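**Q** The structure follows.
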Amino acid sequence: MHIKADTLDDLLHEVFRKLLKSKVRTRSSKGPAREIMAALLTIKNPTARFSRTENRATLFSCLGETLWYLSGSNRLNVIEYYIPNYREFLGLPHDAVVTTGAYGPRLRSPAGVKQIEMIIDMLKRKRDTRQAVVQIFDSADLQNSTGDVPCTCTLQFLARGGSLHMLTTMRSNDAYLGLPHDVFAFTMIQELVARSISQEVGVYNHAVGSLHLYDAKERHAKEYLDEGWQEKMTMPSMPAGDPWSSIEWLLETEALIRLGQGESVNLDDADPYWADLARLLKIKALFDANDKRGIVRQKNAMSCKVYDAFIRGKAERALVDRNASQLIFPEIEATGRRQEGSNS
């Protein structure tokens, strides 16, 4: 089955519709599910990589997980800051410190093979190469009897006609929880590699052996579909030039914010694209601290307004007291009324 879409939200709509109709049933340690075998998913605009819906608005966790990969870390306390139930989902013990299935060490291991750097060098030397493949699932994983095994097999990069296309192969993909995070992380890596070799971002393809929707998430998938089609939201293009010094800066900034030292972070001298990503990390910490005024300050400082709808929606859901909403988020309240009026 081949599903093509322009954006992540468009793709999720089609994937959920088809899975909810699937008669193929499977059962794993995580419960019964509906399944589509041998699915190929194509996103024509990979920068439209995050959902703006109430049901699947996961920008903070998607960005956090992507940076966890790029840092090369396998430490659970880092990813649990963004995805608190990560350990539980993998079935890891309470005293576990690291996850053996982490993608970071396999992508950018400081002590081993730095696969991302190697394929960038390969693509620079031989632009039309078919060997630019990053391996994540390893033969040693076949001996792992726990749930801590990578779902992703390979990432392949193909530079053709001035654009860098990408094919991700997955042995298994949870359509509701995993797919949005995977698309976000891997298309970010696609764009990083494209900028590294001075190419435009091409098409993103995502091939899955077992694409499934757990019975426990069917209600959530239906609620997502009930929200209807969303306005297309595309992240701004990553600045031209080698992005890796900016990535290292963002990784250092992320660690400071996560460890409660966000006040020491200076965003004035950073490129606006990267500064906005750092502000998203700050806003996540401010939501955790229930600092509404701080959220407004950081939102207003954003150079790109594409993230406003996500921040505004999260703020509206977080605020139970409508009077507080009117006092602290007057522009959020007003914007919401304007949008309702335009849609009526």
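**Q** Under the condition of being part of a loop (DSSP other than H, G, I, E, B) and either over 19 Å from the mean Cα position of the chain (by Cα) or free of Cβ contacts under 8 Å to residues at least 12 places away in the same chain (or both), which residue from segment 240-260 is surrounded by the most Cβ atoms within 10 Å (Cβ to Cβ)? Lay out the reasoning, then the answer.
**A** Step one: of segment 240-260, the residues part of a loop (DSSP other than H, G, I, E, B) are 240-243, 259-260.
Cutting the leftovers down to either over 19 Å from the mean Cα position of the chain (by Cα) or free of Cβ contacts under 8 Å to residues at least 12 places away in the same chain (or both) gives us 240-242, 259-260.
Values: Ala240: 8, Gly241: 12, Asp242: 14, Leu259: 10, Gly260: 9.
Here the residue is Asp242.
**Q** OK, next. Going through segment 261-298 one residue at a time, which ones are under 14 Å from Trp249 (Cβ atoms) and either under 20 Å from the mean Cα position of the chain (by Cα) or assigned to a helix (DSSP H, G or I) (or both)?
**A** Within segment 261-298, the first condition is being under 14 Å from Trp249 (Cβ atoms), and the residues that meet it are 264-279, 281.
Matches in segment 261-298: Ser264, Pro272, Tyr273, Trp274, Ala275, Asp276, Leu277, Ala278, Arg279, Leu281.
**Q** Checking the conditions here, which among Arg130, Arg87 is touching a His at 6+ places or on another chain (Cβ under 9 Å) and not in a strand (DSSP E or B)? Before the answer, list the steps.
**A** Numbers: Arg130 fails: touching a His at 6+ places or on another chain (Cβ under 9 Å).
The match here is Arg87.
**Q** Let me ask you something else. So which residues in segment 62-89 are polar (S, T, N, Q), within 28 Å of Val113 (Cβ to Cβ), out of contact with any Gly (no Cβ under 8 Å at 6 or more places or on another chain) and surrounded by fewer than 20 Cβ atoms within 10 Å (Cβ to Cβ)? Before you say what the answer is, go through the steps one by one.
**A** So in segment 62-89, the residues polar (S, T, N, Q) come out as 66, 71, 73-74, 77, 85.
After this cut, where a residue has to be within 28 Å of Val113 (Cβ to Cβ) as well, the list is 66, 71, 73-74, 77.
Narrowing the set further to residues that are out of contact with any Gly (no Cβ under 8 Å at 6 or more places or on another chain) leaves 66, 77.
Correct list: Asn77 only.
Residue-by-condition table, conditions (1) of a type in the set (Lys, Arg); (2) under 20 Å from Gln115 (Cα atoms); (3) assigned to a strand (DSSP E or B):
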site	(1), (2), (3)
Phe186	no, yes, no
Ile189	no, yes, no
Leu213	no, no, yes
Ala221	no, no, no
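**Q** While we're looking at this one, here's another question. Only one of Gly72, Gly64 is touching a residue at least 12 places away in the same chain (Cβ under 8 Å) and either touching a Ser or Thr at 6+ places or on another chain (Cβ under 9 Å) or farther than 27 Å from Ile247 by Cβ (or both). Can you tell me which? Walk me through how you get there before you give the answer.
**A** On the way: Gly64 fails: either touching a Ser or Thr at 6+ places or on another chain (Cβ under 9 Å) or farther than 27 Å from Ile247 by Cβ (or both).
Result: Gly72 is the single residue among Gly72, Gly64 that is touching a residue at least 12 places away in the same chain (Cβ under 8 Å) and either touching a Ser or Thr at 6+ places or on another chain (Cβ under 9 Å) or farther than 27 Å from Ile247 by Cβ (or both).
**Q** Kindly indicate the residue of segment 17-45 that is under 23 Å from Glu200 (Cβ atoms) and touching an Asp or Glu at 6+ places or on another chain (Cβ under 7 Å) and also surrounded by the most Cβ atoms within 10 Å (Cβ to Cβ) among those meeting that condition. Step through it out loud before you land on a result.
**A** Filtering segment 17-45 down to residues under 23 Å from Glu200 (Cβ atoms) leaves 40-45.
Those still in the list that are touching an Asp or Glu at 6+ places or on another chain (Cβ under 7 Å) too: 44-45.
Numbers: Lys44: 14, Asn45: 17.
By that ranking, first place goes to Asn45.
**Q** Please determine, by comparing only the residues of segment 1-39 that are under 25 Å from Ser237 (Cα atoms) and part of a strand (DSSP E or B), which one is nearest to the chain's Cα centre (by Cα). Step through it out loud before you land on a result.
**A** Restricting attention to segment 1-39, the residues satisfying the condition of being under 25 Å from Ser237 (Cα atoms) are 3-13.
Adding the requirement that they be part of a strand (DSSP E or B) leaves 3-5.
Values: Ile3: 20, Lys4: 19, Ala5: 17 Å.
Among them, the one singled out is Ala5.
**Q** Turning to a different aspect of this structure: Taking the condition in contact with a Pro (Cβ under 6 Å, 6 or more places away or on another chain) and either more than 30 Å from Ser196 (Cα to Cα) or in the same structural domain as Met188 (by TED's automatic domain parsing) (or both), does Asn45 pass?
**A** On the way: in contact with a Pro (Cβ under 6 Å, 6 or more places away or on another chain): no; either more than 30 Å from Ser196 (Cα to Cα) or in the same structural domain as Met188 (by TED's automatic domain parsing) (or both): yes.
Considered against the rule, which asks whether it is in contact with a Pro (Cβ under 6 Å, 6 or more places away or on another chain) and either more than 30 Å from Ser196 (Cα to Cα) or in the same structural domain as Met188 (by TED's automatic domain parsing) (or both), Asn45 comes out as no.
**Q** Next question. With the checklist (1) closer than 14 Å to Arg258 by Cα; (2) free of Cβ contacts under 8 Å to residues at least 24 places away in the same chain in hand, flag the one item Ala96 doesn't pass.
**A** The single condition Ala96 does not satisfy is (1).
**Q** Select from segment 194-207 the residues that are surrounded by fewer than 23 Cβ atoms within 10 Å (Cβ to Cβ) and touching a strand residue (DSSP E or B) at 6+ places or on another chain (Cβ under 6 Å) and list them in ascending order. Working first, answer last.
**A** Step one: list which residues in segment 194-207 are surrounded by fewer than 23 Cβ atoms within 10 Å (Cβ to Cβ), which gives 195-203, 205, 207.
Across segment 194-207, the qualifying residues are Gln199, Glu200, Gly202, Val203, Asn205, Ala207.
**Q** Inside segment 90-127, can you point out the residues that are surrounded by 15 or more Cβ atoms within 10 Å (Cβ to Cβ), part of a loop (DSSP other than H, G, I, E, B) and under 22 Å from the mean Cα position of the chain (by Cα)?
**A** Thr99, Thr100, Gly101, Ala102, Tyr103, Lys114
**Q** Let me ask something else about it. Only one of (1) assigned to a strand (DSSP E or B); (2) under 19 Å from the mean Cα position of the chain (by Cα) is not met by Leu158, so which one is it?
**A** Among (1) assigned to a strand (DSSP E or B); (2) under 19 Å from the mean Cα position of the chain (by Cα), the lone unmet condition for Leu158 is (2).
**Q** Continuing with this model, one more query. Looking at Glu14, is it surrounded by 17 or more Cβ atoms within 10 Å (Cβ to Cβ) and either touching a Phe, Trp or Tyr at 6+ places or on another chain (Cβ under 6 Å) or at pLDDT 95 or above (or both)?
**A** Working: surrounded by 17 or more Cβ atoms within 10 Å (Cβ to Cβ): no; either touching a Phe, Trp or Tyr at 6+ places or on another chain (Cβ under 6 Å) or at pLDDT 95 or above (or both): yes.
Spelling it out, it is not the case that Glu14 is surrounded by 17 or more Cβ atoms within 10 Å (Cβ to Cβ) and either touching a Phe, Trp or Tyr at 6+ places or on another chain (Cβ under 6 Å) or at pLDDT 95 or above (or both).
The values are calculated or read from the model by the stated rules, or taken from the named source; none is laboratory data. Everything numeric here is computed off the predicted structure, so don't read it as measured data. When we count neighbours, we look across all protein chains shown, and the Cβ atoms used for this are built from the backbone with ideal geometry, even at glycine.
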